[in-house]
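What follows is one structure encoded as structure tokens, with my remarks underneath.
Any read-out appearing in this document is the output of simple, stated calculations on the displayed coordinates, not a laboratory observation. Quantities reported herein were computed from a predicted structural model and do not represent experimental measurements. Every residue, glycine among them, receives a Cβ derived from its backbone with ideal geometry; neighbour counts consider all protein chains shown.
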Amino acid sequence: MAEQSSAKPLPSDLSGREAGSESTTAAPPRRPFLFLLGAITIPVILLDQATKLFVQAHMALYESIAIIPNYLDITYTLNPGAAFSMLADAPVWVRTMFLLSMACAAIVVLTVIIVRAERVSISSVAFALILGGAIGNLIDRAIRGRVIDFLRAHYYDLNYPIFNVADSAISIGVALIILTAFFGSDDEPKPNPSS
């Protein structure tokens, strides 16, 4: 015959939770939006703007300083177009309206994606990098009408388009997304071996 316990359950206020509330183990996971914003997006924006302001304050337009001769220079340029100077020859009002509206739309979409992320993952980090880069270049377009570019990677006279920190963050983010697409995503649930 099984013995019955005479112990009474603790009142709800003594057991560490209020009546009607669920346990903390059943609570949904915290979304990492603020972490991604504070640890990735905002630092990218600050670093991008600080480097652009430094170059603008200390260099003449088109001045070039060799960092690694024949491989890497700091070259101050202003890009009126999009990436790789696309739309640079378009009328100013068309270029401005198109680039500003596209940047704003991208920022809204990226923000929604990051807000909806369930946890910090390679994909959410990638989107946070792209968001920081998009905002960094949008600030330039809104304030100066053109984007400050200053990193020139080249091999002697063979040049890669001049870029900046924001462009680098966008490129790294896109590369991470492509890598997770090809080699599997850390966002996918892992199979449970016990089931």
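Checking every one of the chymotrypsin sites (Phe, Trp or Tyr not before Pro) in the range 81-165 against DSSP loop status and a limit of 13 other Cβ atoms within 10 Å picks out Tyr156.
Residues with amide H under 5 Å of Tyr76's amide H, sequence separation 5 or more or different chain, H placed in the peptide plane at 1.01 Å from N; which? So Tyr76 has HN proximity to Tyr62, Glu63. Each peptide among 107-118, 132-143, 168-179 gets the average number of other Cβ atoms lying within 10 Å of its residues, and from highest to lowest they stand as 132-143, 168-179, 107-118.
Put a dot 7 Å past the Cα of Asn70, heading toward its Cβ, do the same for Val115, and the two dots end up 5.3 nm apart.
Multiplying the residue separation of Tyr62 and Ala181 by 0.36 nm and removing their Cα-Cα distance gives an extension gain of 39.0 nm.
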